[in-house]
Amino acid sequence: MKYKKWSLEEKLEILSSCEELGVVETCRKYSVITGSLYSRKKKHEKQGEAGLKVTYDDRRKELKQAEEENRILRKLLANKEIELEIGRELLKKILGHPIQERFS
């Protein structure tokens with residue numbers, strides 16, 4: 001059996017159908033597992049419609065954006081470290097002796 005993503009409207013329709021037809025008939029009609037139906041029912045009772053909303057797609061997008069930003073920042077930091085090291089080496093050559101590093 002394929003996994004189906006249910007919209008908020010579909011979930012609400014299934015829950016209202018559950019009130020009318022009962023759990024077993026609703027599960028047969030919509031091909032839903034009883035555990036899923038009870039879980040949705042419980043979430044709807046506790047949190048209302050907010051408990052049934054699909055949030056994992058937004059989190060996935062946010063995670064990808066954060067990972068991309070993190071990759072860019074790491075690259076910039078690496079480039080800055082290279083620039084600082086080159087600057088230190090040039091100063092060593094110009095002054096003829098190693099520079100005492102203040103932040104080591």
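Structural remarks
- Residue, most open to solvent (accessible area, probe 1.4 Å), within the stretch 2-20, restricted to residues that are part of a helix (DSSP H, G or I) and over 18 Å from residue 53 (Cβ atoms): 20
- Enumerated helices (runs of 4 or more DSSP H) restricted to the stretch 21-104, each holding at least 3 residues that are within 17 Å of residue 7 (Cα to Cα) and modelled with pLDDT of 85 or more: 23-30, 34-47
- Residue match in the stretch 68-76 (condition: out of contact with any Phe, Trp or Tyr (no Cβ under 6 Å at 6 or more places or on another chain), open to solvent by 100 Å² or more (accessible area, probe 1.4 Å), within 26 Å of residue 26 (Cα to Cα) and not hydrophobic (A, V, I, L, M, F, W, C)): no
The values are calculated or read from the model by the stated rules, or taken from the named source; none is laboratory data. Please read all numbers here as calculations on a predicted model, not as lab measurements. Ideal geometry is used to build each Cβ from the backbone, glycine not excepted, and the neighbour counts take in all protein chains shown. With ligands, DNA and RNA removed, areas are computed over all heavy atoms of the protein, side chains included. Shrake-Rupley method; radii C 1.70, N 1.55, O 1.52, S 1.80 Å.
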